[in-house]
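Peer 1: Handing you this structure, nothing more for now.
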Amino acid sequence: MSSNSEMIAYEQVCIIVDFGKGSKIVQTAKKHGISGGTILVGKGTVKNRLLEMLGINDIRKEIIILVSDKNTVHHAIEQLDKKFKFSKPNHGIVYTTSIYRVLGAKCMKETINEESGVNNTMYHAITVIVEKGNAELVIDAATEAGSKGGTIINARGSGIHETSKLFSMNIEPEKELVLILSEKESTENIISSIRSKLKIDEPGNGIIFIQDVNKTYGLYQ
């Protein structure tokens, strides 16, 4: 019989804020039980007038990735929301996704999250990895299919032969990563548009993966 510790459900938190706020968010999260995080630099790409979905306009963003058990995550983001006011317009976007399996993290037991995928999610997190220079094409394709915008991350490693690691995937140098939050009913249209415009099904043209979003702050219809 599995012990209770082996049945812990882990979640990932993605927080997108204006440049310069990332370190303060990581420090606050640590005070509330999340021991570490990763800060990435991206660019908001929303082109319409309304401040919606991922990004506000064409300015630098910081993307903070945090992982912990479900209870700790929910407590931490409630405290983060109290301090950083994500529920107010223009203060940032927060969403959580279920982690199906954790391997190689010494602070966490290897586990399978049996709750993953069973919630009645309203949103999907779409991640697209493409050659450098093609991220804007991804945004254009997604926008044509009804997306409100996205966040572009330059995923190049610190050295020309190095790789960055995100979502347990190796991101080779000279790649761009696009994060898009999609309403569930729009996801298939957005994915189809990206696949067609970027010819994703042809070898080497890119990767798309989709995660269920469990909880959000700062999203406005």
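The values are calculated or read from the model by the stated rules, or taken from the named source; none is laboratory data. The model shown is predicted, which means the values in this text are computed figures rather than measured ones. Ligands, DNA and RNA are stripped out before the accessible areas are found, and what is left, the full protein with its side chains, is counted by its heavy atoms. Shrake-Rupley method; radii C 1.70, N 1.55, O 1.52, S 1.80 Å.
Peer 1: Ignoring ligands, DNA and RNA, how do His75, His124, His32 rank by accessible area with a 1.4 Å probe, largest first?
Peer 2: My answer, sorted largest first, is His75, His32, His124.
Peer 1: Amide H of Val41 versus every other amide H placed in the peptide plane: which residues, excluding those fewer than 5 positions away on the same chain, fall under 5 Å?
Peer 2: Counting only residues 5 or more places away or on other chains, the set is Ile63.
Peer 1: Further question on the same structure: Apply the Karplus curve 6.51 cos²θ - 1.76 cosθ + 1.60, θ = phi - 60°, to the phi angles in the range 136-150 and return the couplings in whole Hz, x for Gly and Pro.
Peer 2: So the Karplus estimates, Gly and Pro as x, are 5, 5, 4, 4, 4, 5, 5, 5, 4, 9, x, 5, 8, x, x Hz.
Peer 1: What ³J(HN,Hα) values, in whole Hz, does the Karplus curve 6.51 cos²θ - 1.76 cosθ + 1.60 give for the range 208-214 when θ = phi - 60°, with x put for Gly and Pro?
Peer 2: Going residue by residue, I get 10, 9, 10, 10, 5, 9, 8 Hz, with x marking Gly and Pro.
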